[in-house]
1. From the helices alone, meaning DSSP H stretches of at least four residues, give me the mean residue ellipticity at 222 nm for the chain, per-run term -39500 (n - 2.57), in deg cm²/dmol to the nearest 500.
2. Please name whichever of Ala180, Ser88, Ser42 sits farthest to the positive end of the charge dipole of the chain, dipole taken about the Cα centre and charges placed at Cβ: Lys and Arg +1, Asp and Glu -1.
3. Per residue, how many Å² of accessible area does region 1-141 show with a 1.4 Å probe?
4. Sequence-distant or interchain residues sharing an amide H contact under 5 Å with Gln150, placed H: which?
5. Past the 18 angstrom mark, what percentage of all C-alpha to C-alpha distances in region 1-60 do you count?
6. Quote the charge dipole size of region 122-199 about the Cα centre in Debye, to the nearest 20; the model charges only the Cβ of Lys and Arg (+1) and of Asp and Glu (-1).
7. Whole-Hz ³J(HN,Hα) for each residue in region 27-39, computed from phi via Karplus 6.51 cos²θ - 1.76 cosθ + 1.60 with θ = phi - 60°, x for glycine and proline: what do you get?
8. Using R₀ = 41 Å, calculate the FRET efficiency as 1/(1 + (r/R₀)^6) where r is the Cβ-Cβ separation of Asp193 and Ile69; round to 0.05.
Amino acid sequence: MTDHIIRDVASLEALYGEVSLGASLKEMPYLHPHYAALIKASPFAILATSGPGGLDASPRGDPPGFVEILDDKTLLLADRRGNNRVDSLRNVIADPRVALLFLVPGVGETLRVNGTAEISVAPELMQRLAIAGKEPRTVLVIHIDTVFFQCSRALVRSELWNPARQIERSALPSPGQMLAATSEARIDGEAYDRALPERLKVTLY
């Protein structure tokens, strides 16, 4: 069988050609005001990290602007209550490199931030990022290396913001059903699903 695997950068670049001028010029080593506007409008981001156990991509969300801009080289990201796996935070301790992908509902363009992070429990940062009087467990202080916007092609292709493309939640396995299956019935899936709405309400922050 012919080997169709690309194994080196030269072959990759020969296939794809040169980077466009716009794709090169949009990348900046700091947070341009236009890029800051996207972060302030975003209620959702994906945090990517790397560690000894491999890679991790974690959803993060709060009211728009939940990732605070300390200055044009620094972002603050609260770590709210969750399942205590702390996969992202374990990775940051081992490897401070992080990446963020910001989404804004209804907007096709996304924003990509690459940099390094450190985990802080500084009282002033914890208080600054409190919601409803409840402080986060920790705060990620993210130091920006590069930032640029991604064009809308992926969201246009996926029709992510098209309401007509939404599906009924009941069309897919529920959290309880997935836990019951993956735990080999050690977790009562029906009980988990019954308790979930109230648990989300009281543990959101």
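The values are calculated or read from the model by the stated rules, or taken from the named source; none is laboratory data. All figures in this text were calculated on a predicted structure; none of them were measured in a lab. Because the Cβ atoms are built from the backbone with ideal geometry, glycine has one as well, and the counts that use them run over all protein chains shown. SASA here: full protein model, heavy atoms, side chains in, ligands and nucleic acids out. Shrake-Rupley method; radii C 1.70, N 1.55, O 1.52, S 1.80 Å.
1. -8500 deg cm²/dmol
2. The listed residue farthest towards the positive side: Ala180.
3. For region 1-141, the per-residue accessible area is 60 Å².
4. Those qualifying (amide H under 5 Å, at least 5 residues apart or on another chain) are Thr110, Leu111, Arg112.
5. 68
6. 220
7. 7, 10, x, 8, 8, 5, x, 5, 6, 4, 4, 5, 5
8. Working: r = 38 Å, r/R0 = 0.94.
Taking R0 as 41 Å, the efficiency between Asp193 and Ile69 is 0.60.
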